[in-house]
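Enquirer: Following this message is one structure expressed as structure tokens.
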2 protein chains.
Amino acid sequence: MREYKQIGRPKPLLDGLEKVTGRTRYAPDLTVPGMLHARFVTSPHAHAQIENIDVSAALAVPGVTAVLTAADLPHIPPTSRNRLLLARDEVIFAGQPVALVLAEDLGAAQDAVDKVWIDYDSLPAVITLDEALADDAPLVWPAGMPGVSGDAGAHGASVGGDKREQKPSNIAAETRFERGNLAEGFAAADVVVERPFTTAMVHQSYLETFAMLVQPDPLGPGATVWTSTQAPFIVREEVADVLGVEETAVRVIPTPVGGAFGAKFLLLELLAAAAAQAVNRPVKLALTRSEDMLTTNPAPPARFHLKLGMKQDGTITALKADVMVDAGCYPSEHDIAAFLLGSLYQIPHLQVCYTEVLTHKISTGAYRAPGAPQAAFVLESMIDEAAHQLNLDPLTVRLQNASQPGEPMAHGKPWATMGMTEVLQTLQNHPAWQNRAEARAKGRGVGIAVGGWPGGIEPTAASCQLHRDGTLHVHVGSVDLTGTTAGFALMAAEAFGVAPDKVRVISGDTATALFAGSTGGSKITYMVGPSVIKAALEARQQVMEIAANELEADVADMEVVDGRVQVKGVPDRAIQLAEIAQKTMSFGGKYAPVVGNGRHANTKSSPSFAAQLAEVSVDEETGEVTVHKLVVVQDVGQVINPLTLEGQIMGGAMQGLGWALYEQMAHDEYGTPLTGSWMDYNVPHFIHAVPEFEAVFVEVPTEHGPFGARGAGEPPIIATAAAVGNAIADATQARLTDLPMTAPRVIAALKG
Amino acid sequence: MREYKQIGRPKPLLDGLEKVTGRTRYAPDLTVPGMLHARFVTSPHAHAQIENIDVSAALAVPGVTAVLTAADLPHIPPTSRNRLLLARDEVIFAGQPVALVLAEDLGAAQDAVDKVWIDYDSLPAVITLDEALADDAPLVWPAGMPGVSGDAGAHGASVGGDKREQKPSNIAAETRFERGNLAEGFAAADVVVERPFTTAMVHQSYLETFAMLVQPDPLGPGATVWTSTQAPFIVREEVADVLGVEETAVRVIPTPVGGAFGAKFLLLELLAAAAAQAVNRPVKLALTRSEDMLTTNPAPPARFHLKLGMKQDGTITALKADVMVDAGCYPSEHDIAAFLLGSLYQIPHLQVCYTEVLTHKISTGAYRAPGAPQAAFVLESMIDEAAHQLNLDPLTVRLQNASQPGEPMAHGKPWATMGMTEVLQTLQNHPAWQNRAEARAKGRGVGIAVGGWPGGIEPTAASCQLHRDGTLHVHVGSVDLTGTTAGFALMAAEAFGVAPDKVRVISGDTATALFAGSTGGSKITYMVGPSVIKAALEARQQVMEIAANELEADVADMEVVDGRVQVKGVPDRAIQLAEIAQKTMSFGGKYAPVVGNGRHANTKSSPSFAAQLAEVSVDEETGEVTVHKLVVVQDVGQVINPLTLEGQIMGGAMQGLGWALYEQMAHDEYGTPLTGSWMDYNVPHFIHAVPEFEAVFVEVPTEHGPFGARGAGEPPIIATAAAVGNAIADATQARLTDLPMTAPRVIAALKG
């Protein structure tokens, strides 16, 4: 094992102080002169024809500048949700923006919203999967299925599989993975378990709602876009396309993100940009919580049917899984759920069918490891159930069947090095598992589960500059969601040879930064990190060359130590980094500025796994589930920054608890949203929902990651609901099959 | 001679359209929320004790937020003019800022200026050189001479020479260059000419007055500074020092510069930053023309005494030159005038003495080739006079004595390759010189002169990125004053292999850009250009490697042609640059982003020379001089962009006409400025001052410059006044010895 000076040492978030003292300026805090505030007028109908829009009363409100409708915006094919802009002729979900009020102040805009009169002619809607799949179902897209948005796809490797084209229907996509012979597999089993499952529509519940500000370029075509986004370069590309300008005529300045979790790749920026262009004024669109819950892109609800066979020796012989995702009014590419179902364990006889269905509801999108928490919940529940019936140790069963590096995934390609086995082994030895009898003695249940994420890849570049105050600046084009910049500071410090507090990380915008892929798919540390290291090493080589020249020594004899470059082991023959920088950044200076470049691409993704243990008690009278303890054992490849890593893992697992016990966006039979605020929608509450928590790091290094590190963002959310469900079953013998596992559902399960 | 595809082709200014259509936003156009407008209260006295400042009436003006005095600002040693901030206890020049009114609007600020009551106790002042040098002269700095600002030093190579320390006096600096034996030299001469000369205090007369906006960082210590500057990295360093923060806690965003000419390195930014810090509000300081003429840093007036010996064969045998610069209240380092006097010609017996004297007047600073127009005027006048007395051809005499590459400069170091001889030869063959008899037949005079600039050096870096719209972005940290960015576009296009309109040049700020030295000293094209070329070549290599891989060809067989990379000579086997970029900037892309880095330092400066010819007529009744024709033959090393080069040369020569005939900042005997606006100060007027003009490019390439190019900014201003003076002498036989050569002076010279 290599010894590091900086890697693995705790470093607080670089912008932590700003954030906790309330000084960070998020997108909603921004103002520019002449800015207009925007407010939506949304559809109350899930499906209706727009007969007439009367904006005259709204326009009469003092301070209102314009009330835009689709007629005022470019007519672009609504091939993806972000291109839907405002409803044109027809609405296809309740909450769909139909008009946009622009006013000098928010109050005027809000007043005017209530004065926009829209006549609708209601049309039949499909709200449930069954309605959408009925033979005579009205079609969400009668003229043909729109293109897919690609948001979820940006979260992981393409999953491949056999995708089939359909005749016009509400089916957006079908994917199938098959292997062996199911009948043979089930015949070989000693027990076959079979169950339906459902999972809920879940909102990403970022603290900061969607917010953006678009300023048309006063100097020519183009615009500047400030937005709370995970993907500034995607926003740039798409805004340019809608505005009809060259991509680089648009400058996207990503603002600090107050939570995103997959939701904020690109959604409302095109509408805001089109609106700003229409009135040639800066337009700010910052959603209220209700607007956000009505109009954005939560995780889709899904329906599963699983049948799993297991032999008495613990071998899983067969799996048949049907996955049906209710994507809402646009495709949302969640087939990775099917891919994971067919990949995590080595099952000789396999059939996984994925169907994505459209309904007249809000479009859905990516939420941290999209599809994976659902897949883990159903698969891990079934494995536990089969093991239980065979009186097998559930952890041992998982170890027995877990895929190993080199073994095939659902699509037949081999798994890369990964730590599924190692995280299970580590959990197996953890006191919380070893001493589970003690918990059970207290009437509690202990459940475990494991989940994994294939990991995304996208090229990146970064640069490092040495400045005259002796600081090393790392320039990156990636958005920091989870403290990745603190990790970059450690990596640059390690590679260059300075203290981390002498490293500054500059996150640029699309005009000033080198390209980096979007922040999603657990790939920022994994993909940007290597560029940062290369840039720092190149800069280090440059300072050693300058120092060698100044000290009249051989460059091979130089080392960087404590802010200076010295002849190895001879601190007297040294030159300060600040002095070197001065020689490169001053009139008459004889050395070129110290600038290291790092460029990185990788065709290999590195999967990361987390095994979880939940210890719960169930109040059998009220059905209330209390999670007492949560342990997440995650393979991170190499710990870069334990502080941010622990925070990230805990955050993911807490969101997993939301999936498990609390969160569900609901619609009534007409498609009317029933959960339009956090009064109705139940986010885990810090006071009563957070259990005793432990994050355990396992390090199975990947040759492709920086210092061996793997992406860590997605794994911790995946197995939580499954572990809680298994713990409930352990405590009560009742198997919960619907997420969230609310008290009424627990009661129902206990009763039958 | 090499063949270029792009180099040497005319390319308009990249921001020309913005500028001529009035859309460019200069620093005075900027606003930020909560911004205060600043206005000076200036001293009417050249030297006085401040007894009392009463701000109560000013503070009572509605809209006034604060009236700052020195007591409200950090107490820093006033070691340079930019650190003088506001007068503390004493004023040392008329016009010195004593208080700063900050108000919500400009009108309120202006009203309040008139209501600040300051009691002064007048002190004896030294206004003229003689007063300053008198034995009992009051000292401008009784407690010791402040440090030098370094502004002028940033304009050329350090000139060396023998610098002597002084006992307390008003003498700021003395430098002496000596060679041979003067007495011997003059004894060998066939004619010895000797004259005193004076040159005026001249203002840089940029269209855009000084303007800046400082916003304290709401997120912590530090600030953002928008300023019309030539030197953002210098502003950053100094503002950080005054605010007491790390250099990189200050972000300097250079705004488009509406003229600078050496004046805008760093001057009032420290005051604006200190004021913003004092009130913790954004402060905008945008000077009126009168404020600007009262408070900034024009070129110093100077007094010369020259004695020159020449043999009948044209050999210059000896030169004795005394140079005395009236620097105003701070040193301004103009000893390059002495250096040039001793370097341009090979004179065996030489003594040049430089004395810099302080007076109670506005501090002076750099103006395009600081010291050189003055030196050229006096030296070239004397050479002409000696040649005339010996009946020698003045151009031939110059060619005979001109320094050649390798011959010693005043300090003994050898001249680099340079085109002093070539520009004289080219002028010699120019019709305006060949046919001078025709002009003379019309009663006109024809004069020539030559001037040179050693050239500055400062390290730079630049980077190039390829974007998905197929554009190549060149990122530089240099400020564009003269169209250098258009030249960078040509250089990058040439090196990379795309059309220039596919290149965008991004000028970053100190937080986002790679370092580049300040824009001054004729060194942006010379020093940044090589970094741009290296970056473009590195990017080109990267796209060829990607293309070779995609096309399954050898990288050595690839070429970049018309926006695509192809197998040499096989357009069918090609891949578009946009497609390559897409593969490096997309999810799952397998190639690293195309990012080329260029870093450049150079210990060799490359001198550049311009010979000028003026054809004038003199109205012997009114004394009015009309310049009919001006020809500037300049060695540019290699023409990069003839369009901007011609503009730059013409602009310099027009400013040279200002030196020659029009411009003079005057003070009365009490030191009161007499020229506080363009009503009193005579800038050459486009309608009646601009002659028939021709710029002739000579190309003596330097191995150190991009494609052989030399810096071109400073040379064209240098020899104009000398050429005009020689033309007047040619027309009238009268030798003018004082700049500007106004009508009364011409009359006086004609009379005797």
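Since every read-out is calculated from the coordinates, none of them should be taken as a lab result. What you see is a predicted model; the values in this text were computed from it and never measured. So basically every Cβ, Gly included, is an ideal-geometry build from the backbone, and we count neighbours across all protein chains shown.
Enquirer: Along its three principal axes, how long is the range A:663-752 when you only count alpha carbons? Whole Å, largest extent first please.
Expert: Computed over the range A:663-752, the largest-to-smallest principal extents equal 52, 34, 27 Å.
Enquirer: Let me ask something additional. Return the FRET efficiency for the residue pair residue B:429, residue B:188: r is the Cβ-Cβ distance, R0 is 22 Å, and the value is rounded to the nearest 0.05. Intermediate results must be reported in sequence, preceding the final value.
Expert: Numbers: r = 32 Å, r/R0 = 1.44.
That pair, residue B:429 with residue B:188, gives E of 0.10.
Enquirer: How many nm is it between the label spots at residue B:603 and residue B:289, if each spot is 7 Å from the Cα in line with the beta carbon?
Expert: Result: 4.9 nm between the two label points.
Enquirer: Along Cα→Cβ at 7 Å, what distances in nm separate the residue B:178 label point from those on the other copies, shortest first?
Expert: Spacings between copies for this position, smallest first, are 10.3 nm.
Enquirer: Given the Cα-Cα distance of residue A:143 and residue A:750 and 0.36 nm per residue of separation, how much length would full extension add, in nm? Don't jump to the answer; show the numbers that get you there.
Expert: Values: separation 607, 0.36 × 607 = 218.52 nm, distance 4.70 nm.
Between residue A:143 and residue A:750, full extension yields 213.8 nm more.
Enquirer: Under 5 Å between amide H atoms, partner at least 5 residues away or on a different chain: which partners does residue B:120 have, H built in plane at 1.01 Å?
Expert: The list, which skips near neighbours in sequence, is B:51.
Enquirer: May I pose another question? Can you tell me how much longer the chain between residue A:733 and residue A:5 gets when fully stretched, taken as 0.36 nm per residue apart minus their C-alpha distance, in nm with one decimal?
Expert: Details: separation 728, 0.36 × 728 = 262.08 nm, distance 4.97 nm.
Taking residue A:733 through residue A:5 to full extension adds about 257.1 nm, to one decimal.
Enquirer: Residue B:181 versus residue A:52, label points 7 Å from Cα toward the beta carbon: distance in nm?
Expert: Between residue B:181 and residue A:52, the label points sit 11.2 nm apart.
Enquirer: Calculate, axis by axis, the spread of Cα positions in the range B:458-600 along the three principal axes, and write the results as whole Å, longest axis first.
Expert: 48, 32, 23
Enquirer: Also, quick follow-up: Which distances, shortest first and in nm, link residue B:139 to the matching position in the other copies, using label points set 7 Å out along Cα to C-beta?
Expert: Values, ascending and in nm: 9.5.
Enquirer: 5 Å is the cut-off here: which amide hydrogens, built 1.01 Å from N in the peptide plane, fall below it relative to residue A:66, excluding neighbours closer than 5 in sequence?
Expert: For residue A:66, whose amide H was placed from the backbone, the distant partners under 5 Å are A:102.
Enquirer: Specify which residue in the list A:592, A:510, A:551 is farthest towards the positive end of the charge dipole of the range A:458-600, using unit charges on the beta carbon of Lys, Arg (+1) and Asp, Glu (-1), about the Cα centre.
Expert: A:510
Enquirer: Taking every pair of Cα atoms in the protein assembly as shown, average 1/r, invert it to obtain the Kirkwood radius, and report Rg/Rh to two decimals.
Expert: Values: Rg = 37.9 Å, Rh = 36.0 Å.
Checking Rg against Rh, the ratio lands at 1.05.
Enquirer: With a ≥ b ≥ c the root eigenvalues of the C-alpha gyration tensor of the range B:447-491, is it rounded (a/c under 1.5), prolate (a/b larger than b/c) or oblate?
Expert: Numbers: a/c = 4.14, a/b = 2.30, b/c = 1.80.
Taking the square roots of the gyration eigenvalues as a ≥ b ≥ c, the range B:447-491 is prolate.
Enquirer: In debye to the nearest 20, how big a dipole does the range A:269-337 give about its Cα centre with +1 on each Lys and Arg Cβ and -1 on each Asp and Glu Cβ? Could the numbers behind the result be given before it?
Expert: Values: 7 positive and 8 negative charges, 19 e Å.
Using only the charged Cβ atoms, the result is roughly 100 debye.
Enquirer: Looking at A:78, A:250, A:374, which one has the Cα that reaches farthest to the positive end of the dipole of chain A (charges on Cβ: Lys, Arg +1; Asp, Glu -1)?
Expert: Most positive-ward Cα: A:250.
Enquirer: May I pose another question? So how do A:45, B:75 line up by other beta-carbon neighbours within 10 Å, fewest first?
Expert: On the way: A:45 26, B:75 9.
Going from least to most buried by this count: B:75, A:45.
Enquirer: Let me ask something additional. What FRET efficiency would be calculated for the residue pair residue A:71, residue A:29, taking the C-beta separation as r and a Förster radius of 41 Å, to the nearest 0.05? Each step should come with its number before you reach the end.
Expert: On the way: r = 32 Å, r/R0 = 0.79.
Efficiency for this residue pair is about 0.80.
Enquirer: Relative contact order (percent) for chain B, with alpha-carbon contacts under 8 angstrom and 6 or more residues of separation?
Expert: On the way: 2021 pairs, mean separation 116.1, N = 752.
It comes to 15 percent, rounded to a whole number.
Enquirer: Now, a different point. In whole Å and largest first, what semi-axes does the C-alpha gyration tensor of the range B:258-368 yield when each eigenvalue is scaled by 5 and square-rooted? Kindly include the intermediate steps, with their values, before the conclusion.
Expert: Details: eigenvalues 336, 34, 24 Å².
Gyration-tensor ellipsoid for the range B:258-368: 41, 13, 11 Å.
Enquirer: Might you report the magnitude of the Cβ-based charge dipole of chain B about its Cα centre, with Lys and Arg at +1 and Asp and Glu at -1, to the nearest 20 debye? Don't skip to the end; give the middle numbers.
Expert: On the way: 54 positive and 84 negative charges, 303 e Å.
Result for chain B is approximately 1460 debye, rounded to the nearest 20.
Enquirer: Answer with one residue from A:37, A:7, A:112: the one whose Cα lies farthest towards the positive end of the charge dipole of chain A, charges on Cβ with Lys, Arg +1 and Asp, Glu -1.
Expert: In chain A, that residue is A:7.
Enquirer: Based on the mean of other beta carbon atoms within 10 Å per residue, what is the order of B:612-623, B:513-524, most packed first? Could you put the intermediate results ahead of the total?
Expert: Values: B:612-623: 21.8, B:513-524: 28.2.
The peptides rank, most packed first, as B:513-524, B:612-623.
Enquirer: Using only atoms on other chains, find how many Cβ atoms lie within 10 Å of each Cβ of peptide B:456-469 and report the average.
Expert: If you average over the peptide's residues, the count of other-chain Cβ atoms is 6.
Enquirer: Rounded to whole Hz and in sequence order, give me ³J(HN,Hα) for the range B:39-50 from the Karplus expression 6.51 cos²θ - 1.76 cosθ + 1.60, θ = phi - 60°, writing x for Gly and Pro.
Expert: My calculation for the range B:39-50 gives 9, 7, 10, 10, 6, x, 9, 6, 7, 6, 8, 8 Hz in order.
Enquirer: Which of the trypsin sites (Lys or Arg not before Pro) across the range A:1-68 are loop residues per DSSP, with 11 or fewer other Cβ within 10 Å? Don't skip to the answer; put the middle values down first.
Expert: Details: sites: A:2, A:5, A:19, A:23, A:25, A:39; in loops: A:2, A:5, A:23, A:25.
Loop-located and lightly packed - A:2.
Enquirer: I've got another one for you. Between copies, how far apart are the residue B:33 label points? List them in nm, one decimal, shortest first, with each point 7 Å from Cα toward Cβ, please?
Expert: Nearest first, the other copies' label points are 1.5 nm away.
Enquirer: Same structure, new question: Express as a percent, rounded to the nearest 5, the fraction of DSSP beta bridges in chain A (both residues included) that run antiparallel. Mind dumping the intermediate values first?
Expert: On the way: 99 of 129 bridges.
The antiparallel fraction comes to roughly 75 percent.
Enquirer: Spelling out what I want: for every residue of the range B:86-103, take phi, set θ = phi - 60°, compute 6.51 cos²θ - 1.76 cosθ + 1.60 (Karplus), and round to whole Hz; glycine and proline get x.
Expert: In residue order, the calculated couplings are 10, 4, 10, 6, 9, 10, 10, 7, 6, x, 5, x, 10, 9, 10, 8, 10, 9 Hz.
Enquirer: Magnitude of the Cβ-charge dipole of the range A:499-594, K/R +1 and D/E -1, about the Cα centre, nearest 20 debye?
Expert: Numbers: 10 positive and 12 negative charges, 70 e Å.
Using Cβ point charges on Lys, Arg, Asp and Glu, the range A:499-594 gives about 340 debye.
Enquirer: What lysines does residue B:311 reach when the alpha-carbon gap must be under 27 Å and sequence neighbours fewer than 8 apart in one chain are set aside?
Expert: B:320, B:413
Enquirer: So how far apart, in nm, are the two label points at residue A:570 and residue A:686 if each is 7 Å from Cα heading toward Cβ?
Expert: 5.6
Enquirer: Give the lysines whose C-alpha is closer than 16 Å to that of residue A:583, dropping any in the same chain fewer than 8 places away, or say none.
Expert: Output for residue A:583: B:604.
Enquirer: Check which residues have an amide H placed less than 5 Å from residue B:573's amide H, if you skip close sequence neighbours.
Expert: B:567
Enquirer: Based on the alpha-carbon gyration tensor of chain B and its eigenvalue square roots a ≥ b ≥ c, which shape applies: rounded if a/c is under 1.5, prolate if not and a/b is larger than b/c, or oblate? Please list the in-between numbers first.
Expert: Values: a/c = 1.92, a/b = 1.09, b/c = 1.76.
Because a/c hits 1.5 or more and a/b fails to exceed b/c, chain B counts as oblate.
Enquirer: Take the Cα of residue A:590, step 7 Å along the line toward its Cβ, and report every residue of the range B:455-470 whose backbone nitrogen sits under 18 Å from that point.
Expert: Counting backbone N atoms under 18 Å from the label point, the list is B:456-460.
Enquirer: Please work out the FRET efficiency for the pair residue A:110 and residue B:130, using the Cβ-Cβ distance as r and a Förster radius of 56 Å; give the result to the nearest 0.05.
Expert: Values: r = 75 Å, r/R0 = 1.34.
My answer for the efficiency is 0.15.
Enquirer: Please give me the summed charge of the neighbours of residue A:111: other residues whose Cβ is under 13 Å from its Cβ, Lys and Arg +1, Asp and Glu -1.
Expert: Values: positive: A:39, A:115; negative: A:104, A:105, A:114.
Result for the neighbourhood of residue A:111: -1.
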